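Inspection log for the structure reproduced underneath, given as structure tokens.
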Amino acid sequence: MAAGIGVLSLFVFLLAPQYLLAAFNAATVNVAILALSVIALVELLRGSLKRP
């Protein structure tokens, strides 16, 4: 999921960069979700988080 969001964010950056400047738009929310997904993945791999 994180890779897909990253690729979509890259498309927004390349095709419509004006969307990256507005607060709380789809692009900035996707970047936040990508960052949280990466953090969660790292924590799962380290064993710090328990899977439900």
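Within the set A23, A16, A2, the sole residue that is loosely packed, with under 11 Cβ neighbours inside 10 Å and at pLDDT below 75 turns out to be A23. The residues of the range 30-52 that are part of a helix (DSSP H, G or I) and modelled with pLDDT under 80, listed by number, are N30, V31.
The values are calculated or read from the model by the stated rules, or taken from the named source; none is laboratory data. All values reported here derive from a predicted model rather than from experimental measurement. Cβ: placed from backbone, ideal geometry, glycine included. Neighbour counts: every protein chain shown.
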